[in-house]
Amino acid sequence: MRSKSPRLCSYPRTDGRLCKSPALQDQRFCYYHQRDHDRRRRLEQNLEHRRNCIANHKFYELHTQLPDGRAFDDNTCGLFADLQPQLLDDGNAIQQQISSVYHALATQQIPVKFAYAVLANLQLAYRNLKNVRTPDFDDERSATEDPTPIHRYPGFEDEWELEQQRKKSAAAEAEVNQPTTGTEG
């Protein structure tokens, strides 16, 4: 019996071609593009949260007052923690972080001063790339599961994710309701 070929990543690259790396289990995209998709969704959710806080005069949900009187932007720090910045060990990782800063800055989710500080650190990481040694890896193997997915706010699932949840629920229900066979004696 021939083994089933893995589902391929359907993420469209900027030139229009599809990625075609193996997709994560029960996902549309490969490890890299799924995490990128989840980061973008998380940024969109945070923007919606900020807008709701401002519209409803709940500024206290965005900033915390420190004992010395300074305001601490709890929302921005929480956002970047949720985005799970990765190890800056190659150009792709640095580019991904630049994209995250760009999106957060363009939607005014982070202060300009904070963006400059992050971008300066990314520039330092880029300059240091020639000194970074990455471990050898096998091009034939790819991640099929994400042990630390980027979590989103509940209720912000897209239609594909909702369909996958429905399929899993239906399969689990069918398994529970399936009659058992066996002989009693």
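Which of the residues spanning segment 23-51 are over 17 Å from the mean Cα position of the chain (by Cα) and within 21 Å of residue 168 (Cα to Cα)?
Result: no residue meets the conditions.
Quick check, is residue 86 within 21 Å of residue 121 (Cβ to Cβ) and either at pLDDT below 85 or part of a helix (DSSP H, G or I) (or both)? Full working, then the answer.
Working: within 21 Å of residue 121 (Cβ to Cβ): yes; either at pLDDT below 85 or part of a helix (DSSP H, G or I) (or both): yes.
Yes.
Inspect all residues belonging to segment 121-128 and state whether any of them is modelled with pLDDT under 85, surrounded by 13 or more Cβ atoms within 10 Å (Cβ to Cβ), in a helix (DSSP H, G or I) and of a type in the set (Gly, Ala, Ser).
Within segment 121-128, the subset modelled with pLDDT under 85 is none.
No, because not a single residue in segment 121-128 is modelled with pLDDT under 85, surrounded by 13 or more Cβ atoms within 10 Å (Cβ to Cβ), in a helix (DSSP H, G or I) and of a type in the set (Gly, Ala, Ser).
Please indicate, with yes or no, whether at least one residue in segment 130-140 is modelled with pLDDT of 80 or more and either surrounded by 11 or more Cβ atoms within 10 Å (Cβ to Cβ) or within 21 Å of the chain's Cα centre (by Cα) (or both).
Scanning segment 130-140, I find no residue that is modelled with pLDDT of 80 or more and either surrounded by 11 or more Cβ atoms within 10 Å (Cβ to Cβ) or within 21 Å of the chain's Cα centre (by Cα) (or both), so the answer is no.
When you go through (1) of a type in the set (Ser, Thr, Tyr); (2) surrounded by fewer than 16 Cβ atoms within 10 Å (Cβ to Cβ); (3) more than 22 Å from residue 73 (Cβ to Cβ) one by one for residue 60, which number turns out not to apply?
Only one criterion in (1) of a type in the set (Ser, Thr, Tyr); (2) surrounded by fewer than 16 Cβ atoms within 10 Å (Cβ to Cβ); (3) more than 22 Å from residue 73 (Cβ to Cβ) is unmet by residue 60, namely (3).
The values are calculated or read from the model by the stated rules, or taken from the named source; none is laboratory data. Being a predicted model, the structure only gives us computed values, none of them experimental. Glycine gets a Cβ as well: all are built from the backbone with ideal geometry, and neighbour counts include every protein chain shown.
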